[in-house]
1. Could you pull out the trypsin sites (Lys or Arg not before Pro) across region 1-93 that fall in loop regions by DSSP (anything but H, G, I, E, B) with no more than 15 other Cβ atoms inside 10 Å?
2. Heavy-atom accessible area of Glu193 with all protein chains present, probe 1.4 Å, nearest 10 Å²?
3. Of Lys67/Lys196; Lys52/Lys94; Lys45/Lys104; Lys15/Lys52, which ones are farther than 22 Å apart at the Cα?
4. Count neighbours as other Cβ atoms within 10 Å of each site's Cβ, and list the GluC sites (Glu not before Pro) in region 1-69 that are DSSP loop with at most 13 such neighbours.
5. Report the accessible area of Thr183, computed with a 1.4 Å probe over the heavy atoms of all protein chains in place, in Å² rounded to the nearest 10.
6. Based on the Cβ-Cβ distance from Ala95 to Asp162, what FRET efficiency comes out when R0 is 35 Å, to the nearest 0.05?
7. For Asp6, which sequence-distant residues (separation of 5 or more, or a different chain) have an amide H within less than 5 Å of its own amide H, given hydrogens modelled in the peptide plane?
8. Name the residues whose placed amide hydrogens come within less than 5 Å of the amide hydrogen of Gly29, ignoring near sequence neighbours (fewer than 5 apart) on the same chain.
Amino acid sequence: MAVFMDFNISYTTDKKRLQSVIETAAHLGYSTVAINYVVDLEQSKQEIGKPKCVSELFDTFPIVQGKSRPIKVLNRLTVVASRAAHFKPLREYKAYDLVAAYPKTETLFHAACMEFTIDIICVAATEKQPFFFKRSSVEGVRPLLSVYLNEEIPLELRGPYDIANLGLLFGLSEEEGKAAISTNCRAVHLHGEMRKTALGIVHSMKNEQPLTERQEEEDVPASKRAKIEMAQ
């Protein structure tokens, strides 16, 4: 079964509203969500602060519909700006699980695709962009290219399959639409973890064969091992 994620739960100081949105997301089947803090650095009074601790939201996090585990809540930072200097890695970025760029110019959009150390590139679907997207612009893009849909109240949330179908309007296939809220999001999450540690992510798999048996097999010469296997 696919694991669905929503990385754009708009931050609000209204704790009860935020709790309600997260509870609704869990009920709809989202396993992971991200609270999105938007900072417009073109406005002189806005600064990048630390996100609220997600553990303070609930004593017990809501259980995901159809799963036996609680929903996972991340913190995301979205930087809105038109100058490349605003997207240089900052110490404040490491406080966030995910970092997104909302470039306001074509030059910055191309730079975000290929140069910036970020996890997501945002595009506002409800706003007219000052430039046109070319297919060559997004081929080989390292961060996830995200369509910006604000979700501030529970009624604005949509189920995973509704969102996947919405992708058809943007030229995505059914499979690509589903990947946009599942496997692509997982890749973004892992990219964010790698960015924060500046190292890498290692996944281990349990080997059911006892260590002693593996050592015995390794000590047996290849020619003799082949004869044993034929005899069996």
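1. Loop-located and lightly packed - Lys45, Lys52, Lys67, Arg83.
2. The value for Glu193 is about 70 Å².
3. Checking Cα-Cα distances, Lys67/Lys196 exceed 22 Å.
4. Filter output for region 1-69: Glu42, Glu47.
5. Estimated to the nearest 10 Å², Thr183 gives 90 Å².
6. FRET efficiency, Ala95 to Asp162: 0.60.
7. Sorted by chain and number, the residues that satisfy this are Thr32, Val33, Ala34.
8. Amide H neighbours of Gly29, under 5 Å, 5+ apart: Gln65.
The values are calculated or read from the model by the stated rules, or taken from the named source; none is laboratory data. Quantities reported herein were computed from a predicted structural model and do not represent experimental measurements. Backbone-built Cβ (ideal geometry, glycine too); neighbour counts: all protein chains shown. For the accessible areas, the whole protein counts, side chains as well, though only heavy atoms, and no ligand, DNA or RNA atoms are used. Shrake-Rupley method; radii C 1.70, N 1.55, O 1.52, S 1.80 Å.
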